[in-house]
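Written out below as structure tokens is the structure these notes cover.
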């Protein structure tokens, strides 16, 4: 028997953490295998990914649950006030993968503007003949508008400048310490941008913020990149605009529903789609595992969490 707190892993993809947790001596239950009816009394920790909404009914059925351990940096789908009102502690993994997400945002821009995916297909299909060469657009001189100048935006901006791109941003609050110019509104930023990159935190105030009007302001030659959360974009309006040519291109690492249904994108043109892997590198996941284990150890010992979600 172990005195270590039992952990309920909520999402299937987090099941890959089982060997690390069991190796550290924690009993592990995986919700995707079966609801933890018999283990309800034992479970003291719920391990979640922040992009998935919490099952409040399940939480209330676990009488000894004390900690929600969010494996990711973002915790936007966790009702923090509700959880803390029930005496639950919440940890997360801040500052571990923003550089990687910035890399992905830049990579998505390059993939679209230099037509890397289309070029790969051309070579593999045998369609590479001299007359079929595609002329693509240089990155130098393009305008990049960043929605949200937090850690991801501040990592992305100098990467864009290194390629000779012009950077501006918008967010709901002034940040006098930021050197890049802030546009007066989101719509103004969208109209100014050749490439609009969504890199903001998501909460109940900005769901659907990238609306039909904002999407179409980017224009028929414009590119919209989302490495934030799918919920911040009106996905139906995005698809409609791409099909109608009112938006030139989209490069998406996140979606409203994940995994997104493949048939939803089957006839949508001018897109590059990746399966929410922007922050998922070997190095960043190792850092997230270490933070998770440190928070679990602090919780077990009755100490303050290493990286608690702020009030």
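With contacts taken as Cα pairs under 8 Å and at least 6 residues apart, the stretch 98-273 reaches a relative contact order of 20 percent.
Cβ crowding within 10 Å ranks 45, 117 as 117, 45, fewest other Cβ atoms first. On the principal axes of its alpha-carbon atoms, the stretch 176-228 has extents of 33, 27, 19 Å, going from largest to smallest.
The value of relative contact order for the chain, using C-alpha pairs under 8 Å at least six residues apart, is 15 percent. The slack between residue 137 and residue 178, meaning 0.36 nm per residue of separation minus the straight C-alpha distance, is 11.9 nm. Compute the Rg/Rh shape ratio of the chain: radius of gyration over Kirkwood radius, all on alpha-carbon atoms. We get a ratio of 1.02 for the chain.
Within the chain, DSSP assigns beta bridges of which about 5% are antiparallel (rounded to the nearest 5). Once divided by 2.2 N^0.38 Å, the Cα radius of gyration of the stretch 1-156 becomes 1.50. Projected over every direction and averaged, the convex hull enclosing the alpha-carbon atoms of the stretch 98-273 yields 10.5 nm². Scaled against 2.2 N^0.38 Å for its residue count N, the alpha carbon radius of gyration of the stretch 1-53 is 1.07.
What is the percent of Cα-Cα separations in the stretch 240-290 that go past 14 Å? Result: 61 percent of Cα pairs exceed 14 Å.
Given a 10 angstrom Cα cut-off, can you work out which residue in 83, 155, 39 is the most mobile in a GNM of the chain? Answer for the Gaussian network model of the chain: 39. The orientation-averaged shadow of the Cα convex hull for the stretch 114-196, equal to a quarter of the hull surface, comes to 6.9 nm². Ranked by the mean number of other Cβ atoms within 10 Å of their residues, highest first, the peptides 170-180, 233-243 fall in the order 233-243, 170-180.
Bear in mind these aren't lab numbers, they're just calculated from the coordinates by the rules spelled out. The structure presented is a predicted model; accordingly, all values stated were derived computationally and were not measured. Counting neighbours? That spans all protein chains shown, and the Cβs are built from the backbone with ideal geometry, glycine included.
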